[in-house]
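Trainee: Got a structure for you, written out below as structure tokens; questions coming shortly.
The values are calculated or read from the model by the stated rules, or taken from the named source; none is laboratory data. As the structure is a computational prediction, the values presented were derived from the model and not from experiment. Please note: Cβ atoms are built from the backbone with ideal geometry, for glycine as well, and neighbour counts cover all protein chains shown.
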Amino acid sequence: MSTVEEPLYPIALLIDELKNDDIQLRLNSIRRLSTIARALGEERTRKELIPFLSENNDDDDEVLLAMAEELGVFIPYVGGVEHARVLLAPLETLCTVEETCVRDKAVKSLCRIGSQMKENDLVDWFVPLVKRLAAGEWFTARVSACGLFHIAYPSAPEMLKTELRSIYSQLCQDDMPMVRRSAASNLGKFAATVENAHLKAEIMQIFNNLTQDDQDSVRLLAVEGFAALGKLLEPQDCVAHIIPVIVNFSQDKSWRVRYMVANQLYELCEAVGPQPTRTDLVPAYVRLLRDNEAEVRIAAAGKVTKFSQILSPEVATHHILPCVKELSSDSSQHVRSALASVIMGMAPVLGKDKRIQARGTNINYLLWDRTDRRFFHSVVVVITVVSMFMLDDATIEQLLPIYLSLLKDEFPDVRLNIISKLDQVNQVVGIDLLSQSLLPAIVELAEDRHWRVRLAIIEYIPLLASQLGVGFFDDKLGTLCMQWLQDKVYSIRDAAANNLMRLAEEFGRDWAMEHIIPQVLEMANSPHYLYRMTILRSISILAPVMGSEITCSKLLPVVVNASKDRVANIKFNVAKVLQSLVPIVDKSVVEKTIHPCLVELSEDSDVDVRYFANQGLQSINHATMSS
Amino acid sequence: MLRQFLSKLPRKSGKSDSPELTRSTSCTTAGSTPQPHRSNSLNLGSGRPCAPKRTSSAVFPASVVAGIEPLLPFKDVPNSEKMNLFVSKVSLCCVTFDFTDPTKNLIEKDVKRQTLLELLDFVSGSVRFSEPAILAMCRMCAVNLFRVFPPNYRSAVSNGGENDDDEPMFDPAWPHLQIVYDLLIKFITSSCLDAKVAKKYIDHSFILRLLDLFDSEDPRERDCLKTILHRVYGKFMVHRPFIRKAISNIFYRFVFEIERHNGIAELLEIFGSIISGFALPLKEEHKIFLWRVLIPLHKPKSLGVYFQQLSYCVSQFIEKEPKLCSTVIRGLLKYWPITNSQKELMFLGELEEILEAINMVEFQKVMVPLFWRIGCCINSFHFQVAERALFFWNNDQIVNLIAHNRHVILPIILPALEKNAQNHWNHAVLNLTINVRKMFMEMDDQLFISCHIHFKEEEAKVSILSEKRKEAWKQLENAASLKPIAGNTAVLVTPLATPIAY
């Protein structure tokens, strides 16, 4: 290639690629913008590439998204921060497109660039851009503008700052709810950059407007900003300005807003400290704990421990504990579940005698309804944690019947949950007391009609094996493990094979030679080719555990035998297994047995068999060459 | 606003001392001397505070009514008193009951039901509604209907989709809601309702709340709402632009933000008839609506739910203004589904409908990208998509368009046809492809041969081209690596970091 044409070349290539019908090619070339820029050099990147991109924005959203992302890290390619402003133009256009993802990405990239730009450049270029977008005719521009104020504001001179604040306040009252939502959700970030003096006056006013929005989606987002604002203000201002609004929000007619308050309230309490929390926020919180809408109670219940921690024990006992008791028998399982997952933390908060009382109530209440699985998941966790905390005889006495009844629960998930926590349970009550009930539970799960349940229990088998020991295992579970190898579902058969390998690891080779290998090899003659395939799979993962000797004497002959199978799928799997055995066995065995077998397969009539056989042969060659 | 105002009312029940209402603990001080001036103007100032203590979403107020008693029947009062009685009865119906417990307040529930039915009967009559009556009626509807829907657990708790899939959640209060809806429909359509007075109460806020209800999961409710909103649109001319704007906002949110809304089909249905009423020539505002709202509505993946209504709206536009055809087709091409075959079928269906109506000039504006896309569809591995695309050639109108522009279209479509003819897995598609090819041959065999030759040449060049491309990039990367990025920022070394997937 001559050096004369080279200068023209990169951009021509890009233009050419961007015209291609194939979107993948267009994407690829956009993804390599940085290469093009480097080839062009900084100056031509600024003068040719960037203007070209600014005009070329009528592509698929996916391409535009990639472009928005690439431009965010483009500063080095245009010659460093003092030239960063050239990147604003293409991103500004991307801020106005319809697709939300593209706009979001463009805003993100603009923020990234803006945060590196020099102060006077920001004033000269970035602020005008924000103003243009904020005045955009179509809502997409205005939505994007809201996310840029926190970058533009800090470096602006006083006059401009005033203007920016007033523009933002207009955006918060925009005609389109989309814009108001964006303004509300970005207000927290913007407020963080505004001087304290203006916070109380102007920003509070903006917030107040948002709190009265007729769309709950807007109010909802304002709540979040409010909590953020609360942290910016002095505690006394927060008490004066923020808390009344939040308390008001906590009684909003939309449950979504109340839910948000329930989620944010705790942070606000942190900001204002215990005293105002007690007087003003506890009633609001208690109200949320008793909300009509379960979703709100869930959110509130989830914070019960954190909230109680801020308060003194008396207040917690007085105001929060009664609610907790109510909640633990809530009609919504999700509420109880949320409560169950945090309730243990309450114990230290409450002090000792309360703790015991709470424990009693919890366990009893939590057992209230046994029809719900998600709930039970938490119950099992909680109870186990409880027991770890307070190991005493009384606990065991209380817990054992619970465990036993959970093991017989009608929902497989509940039984699975207990089994999955078996090691912990073992620590608490000892396995002997449970093993009687354990086996029927396992057997039933092993035959559950949902394969995911069967899969789950298989995955716990190694855990069971380690907890229960060989003796228990031999009698009862051995047959089950073999049975799974012939399951109707592939994932189960696959998991069963893995399980055998892990058992062999756990109990050692000798045990495996007696209890696994013979049974597995027996199945190698199964009439169903899928089962034969499972055996091949089992062999390939058992071999490394069993070691070279057993592999050569027991496993390899079966594999070689299978190479004469009439099903092509078996044969190419043989080729794959043989390849995996190469590193395990002796070189002489490779030469004597594996190699000839592969050679034979490489002349098979089936194309796939030949392919995998050749692959195997190649890897043998590799191995011999490298050694 | 109205709702907030109303929500304060129950507390005042104690003060209610108008004679007819002594026993009804329900809201309102209205009675026989209502104060119409306490309507919106006052509320505007009062802002939002004082929501009732435990506002419910779909849940019911826990404060249970001690007991309501039926009022006199309408026939027992003189005509002059009828309107006052109406107001009282309407006010009585502001009490809402807990329907989650079917055993609670059985008698009171029935009293309310009977009263609602009486009102329904009365509204069908021919007594002109006084302003207090309109206020009371709107207030009663607001109290009963405007509620926030409970969260949707079905989407949150989707563990494998095995359990209770498509069981929409119905409001247990529907027996009452339904009559209230019927009442509102009758009321709005009644010739005795003066739109000039009523517009003060059926205001923007009222309409917005009404629109919020379209997200209901209950199709019966959405159906009622559809009728009501349609009538409101018909009756209150002043509100028309506002209603259009508010519905557009719902659509925007649906398309660009959440992709979840139960009432899109119903809202589009209303729009369908709004559009068919547009005067010609179409206003710019309406064309923008087509481009900014209706076309992007093709994007969400739940398109199937409202596709019929959407494509009706689009076809209404095209019928009014055939020059919009190319715009619409360009829009469809922009939002063409890439992985969703079901949507692709819908797109092809809509496309065929448009092509049947399109004129030659419009067709020529879009035929190049259009047939490039159709070519992709022909090659789809989903046989229904391929078949649907090939069926275009069964349509005489479309074949006519193609024949006229065969010099442009055949070169675009031929590679797709050849590719199918060589190796499409589906027989029906294969046969259809061969037929279409034959059709082109019969159309203009000279052209076909020359295109075919050109295609063969291009095909041979494909691998060379991709080689060339690779080579070009390689050289470019070389050139780039020779020019280390300078600038005075400490440069991150990310030059070739982006993986290149071919």
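Trainee: How many of the residues making up segment A:487-520 are out of contact with any Lys or Arg (no Cβ under 7 Å at 6 or more places or on another chain) and more than 16 Å from A:Ile461 (Cβ to Cβ)?
Mentor: Result for segment A:487-520: 9.
Trainee: Go through segment A:147-176 and report how many residues are within 14 Å of chain B (Cβ to nearest Cβ) and either assigned to a helix (DSSP H, G or I) or over 30 Å from B:Ile288 (Cβ atoms) (or both). Lay out the reasoning, then the answer.
Mentor: Of the residues in segment A:147-176, the ones within 14 Å of chain B (Cβ to nearest Cβ) are A:174-176.
If we keep only those that are either assigned to a helix (DSSP H, G or I) or over 30 Å from B:Ile288 (Cβ atoms) (or both) as well, we get none.
The total comes to 0.
Trainee: Right, another one. Do we find a residue being in a helix (DSSP H, G or I), among the basic types (Lys, Arg) and over 26 Å from B:Gly349 (Cα atoms) anywhere in segment B:313-321?
Mentor: Just the residues of segment B:313-321 that are in a helix (DSSP H, G or I), to begin with: B:313-320.
With the extra rule that they be among the basic types (Lys, Arg), the set shrinks to B:320.
Keeping just the survivors that are over 26 Å from B:Gly349 (Cα atoms) gives none.
No: segment B:313-321 contains no residue that is in a helix (DSSP H, G or I), among the basic types (Lys, Arg) and over 26 Å from B:Gly349 (Cα atoms).
Trainee: A further question on this structure: Report the residue count in segment B:183-206 for those that are without any contact (Cβ under 8 Å) to a residue 60 or more places away in the chain and either within 11 Å of another protein chain (Cβ to nearest Cβ) or touching an Asp or Glu at 6+ places or on another chain (Cβ under 6 Å) (or both).
Mentor: Counting residues in segment B:183-206 that are without any contact (Cβ under 8 Å) to a residue 60 or more places away in the chain and either within 11 Å of another protein chain (Cβ to nearest Cβ) or touching an Asp or Glu at 6+ places or on another chain (Cβ under 6 Å) (or both) gives 1.
Trainee: Hey, another quick one. Test of understanding: among B:Glu257, B:Glu321, which residue is within 14 Å of chain A (Cβ to nearest Cβ) and either surrounded by fewer than 19 Cβ atoms within 10 Å (Cβ to Cβ) or among the aliphatic types (A, V, I, L, M) (or both)? So that I can check it myself, show each step before the final result.
Mentor: Working: B:Glu321 fails: within 14 Å of chain A (Cβ to nearest Cβ).
Exactly one residue qualifies, and that residue is B:Glu257.
To keep it simple, each residue is scored yes or no on (1) in contact (Cβ under 8 Å) with a residue 24 or more places away in the chain; (2) assigned to a helix (DSSP H, G or I); (3) more than 14 Å from every other protein chain (Cβ to nearest Cβ).
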{"position": "B:Tyr233", "(1), (2), (3)": "yes, yes, yes"}
{"position": "B:Phe242", "(1), (2), (3)": "yes, yes, no"}
{"position": "B:Phe251", "(1), (2), (3)": "yes, yes, no"}
{"position": "B:Leu268", "(1), (2), (3)": "yes, yes, yes"}
{"position": "B:Lys301", "(1), (2), (3)": "yes, no, yes"}
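Trainee: For A:Ile113, state whether it is more than 11 Å from chain B (Cβ to nearest Cβ), surrounded by fewer than 19 Cβ atoms within 10 Å (Cβ to Cβ) and either modelled with pLDDT of 80 or more or farther than 28 Å from A:Ile151 by Cβ (or both).
Mentor: Working: more than 11 Å from chain B (Cβ to nearest Cβ): yes; surrounded by fewer than 19 Cβ atoms within 10 Å (Cβ to Cβ): no; either modelled with pLDDT of 80 or more or farther than 28 Å from A:Ile151 by Cβ (or both): yes.
Against the criterion (more than 11 Å from chain B (Cβ to nearest Cβ), surrounded by fewer than 19 Cβ atoms within 10 Å (Cβ to Cβ) and either modelled with pLDDT of 80 or more or farther than 28 Å from A:Ile151 by Cβ (or both)), A:Ile113 does not qualify.
Trainee: Determine which single condition A:Arg180 fails, assuming it passes every other condition in (1) away from every other protein chain (no Cβ under 14 Å); (2) touching a residue at least 12 places away in the same chain (Cβ under 8 Å); (3) assigned to a helix (DSSP H, G or I).
Mentor: A:Arg180 satisfies every listed condition except (1).
Trainee: Right, next: Looking only at residues in segment A:533-551 that are without any contact (Cβ under 8 Å) to a residue 40 or more places away in the chain and crowded, with 20+ Cβ neighbours inside 10 Å, which one is nearest to A:Ser588 (Cα to Cα)?
Mentor: The extreme case among them is A:Thr551.
Trainee: I want to confirm something. Restricting to segment A:32-50 and keeping residues that are more than 14 Å from A:Ala12 (Cα to Cα) and in a helix (DSSP H, G or I), which single residue is nearest to the other protein chains (Cβ to nearest Cβ)?
Mentor: Within segment A:32-50, the match that is nearest to the other protein chains (Cβ to nearest Cβ) is A:Arg38.
Trainee: Scan segment B:322-361 residue by residue and report those that are outside any helix (DSSP H, G or I) and touching a residue at least 24 places away in the same chain (Cβ under 8 Å). Step through it out loud before you land on a result.
Mentor: Within segment B:322-361, the subset outside any helix (DSSP H, G or I) is B:335-340, B:358-359.
B:Tyr335, B:Trp336, B:Asn340, B:Ile358, B:Asn359 - these are the residues of segment B:322-361 that are outside any helix (DSSP H, G or I) and touching a residue at least 24 places away in the same chain (Cβ under 8 Å).
Trainee: Ok, one more. In segment A:254-282, which residue that is touching a residue at least 12 places away in the same chain (Cβ under 8 Å) and more than 18 Å from A:Phe226 (Cβ to Cβ) is surrounded by the fewest Cβ atoms within 10 Å (Cβ to Cβ)? Can you show your working first?
Mentor: At the first step, the residues of segment A:254-282 found to be touching a residue at least 12 places away in the same chain (Cβ under 8 Å) are A:254-274, A:276-278, A:280-282.
Now restrict to residues that are more than 18 Å from A:Phe226 (Cβ to Cβ): A:274, A:278, A:282.
On the way: A:Pro274: 14, A:Arg278: 16, A:Val282: 20.
Filtering first and then ranking leaves A:Pro274.
Trainee: Filter segment B:137-170 down to residues that are outside any helix (DSSP H, G or I), within 23 Å of the chain's Cα centre (by Cα) and modelled with pLDDT under 80, then give me how many there are.
Mentor: Summing the residues that are outside any helix (DSSP H, G or I), within 23 Å of the chain's Cα centre (by Cα) and modelled with pLDDT under 80 in segment B:137-170 gives 9.
Trainee: Still on this structure, please answer the following. For segment B:190-249, give me the residue count where each residue is of a type in the set (Ser, Thr, Tyr) and closer than 18 Å to B:Arg139 by Cβ. Walk me through it before giving the result.
Mentor: Let us first name the residues in segment B:190-249 that are of a type in the set (Ser, Thr, Tyr), namely B:190-191, B:201, B:205, B:216, B:227, B:233, B:248.
From the residues that got through so far, the ones that are closer than 18 Å to B:Arg139 by Cβ too are B:190, B:201, B:205.
Residues flagged as of a type in the set (Ser, Thr, Tyr) and closer than 18 Å to B:Arg139 by Cβ within segment B:190-249 amount to 3.
Trainee: Let me ask another. Please give the number of the condition A:Gly136 fails out of (1) more than 12 Å from every other protein chain (Cβ to nearest Cβ); (2) assigned to a helix (DSSP H, G or I); (3) not polar (S, T, N, Q).
Mentor: In the conditions (1) more than 12 Å from every other protein chain (Cβ to nearest Cβ); (2) assigned to a helix (DSSP H, G or I); (3) not polar (S, T, N, Q), A:Gly136 misses (2) alone.
Trainee: Would you check which residues across segment B:205-231 are not small (Gly, Ala, Ser) and not in a helix (DSSP H, G or I) and list them?
Mentor: Quick first cut of segment B:205-231, residues not small (Gly, Ala, Ser) only: B:206-215, B:217-231.
Selection gives B:Glu217, B:Asp218.
For (1) surrounded by 13 or more Cβ atoms within 10 Å (Cβ to Cβ); (2) farther than 30 Å from A:Thr35 by Cα, each residue gets a yes or a no:
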position: B:Val399; (1), (2): yes, yes
position: B:Ala403; (1), (2): yes, yes
position: B:Arg406; (1), (2): yes, yes
position: B:Asn420; (1), (2): yes, yes
position: B:Asn423; (1), (2): no, yes
position: B:Lys438; (1), (2): no, yes
position: B:His452; (1), (2): yes, yes
position: B:Lys456; (1), (2): no, yes
position: B:Leu465; (1), (2): no, no
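Trainee: Right, next: Residue by residue through segment A:478-493, note down the ones that are in a helix (DSSP H, G or I), of a type outside the set (Ser, Thr, Tyr) and in contact with a helix residue (DSSP H, G or I) (Cβ under 7 Å, 6 or more places away or on another chain).
Mentor: Within segment A:478-493, the first condition is being in a helix (DSSP H, G or I), and the residues that meet it are A:478-484, A:490-493.
Going one step further and asking which of them are of a type outside the set (Ser, Thr, Tyr), we end up with A:478, A:480-484, A:492-493.
Matches in segment A:478-493: A:Gly478, A:Leu480, A:Cys481, A:Met482, A:Trp484, A:Ile492, A:Arg493.
Trainee: Moving on. Which of the following residues is outside any helix (DSSP H, G or I), surrounded by fewer than 19 Cβ atoms within 10 Å (Cβ to Cβ), at the interface with another protein chain (Cβ under 8 Å from one of its Cβ atoms) and acidic (Asp, Glu): A:Asp59, A:Asp21?
Mentor: Working: A:Asp59 fails: at the interface with another protein chain (Cβ under 8 Å from one of its Cβ atoms).
Sole residue among the options that is outside any helix (DSSP H, G or I), surrounded by fewer than 19 Cβ atoms within 10 Å (Cβ to Cβ), at the interface with another protein chain (Cβ under 8 Å from one of its Cβ atoms) and acidic (Asp, Glu): A:Asp21.
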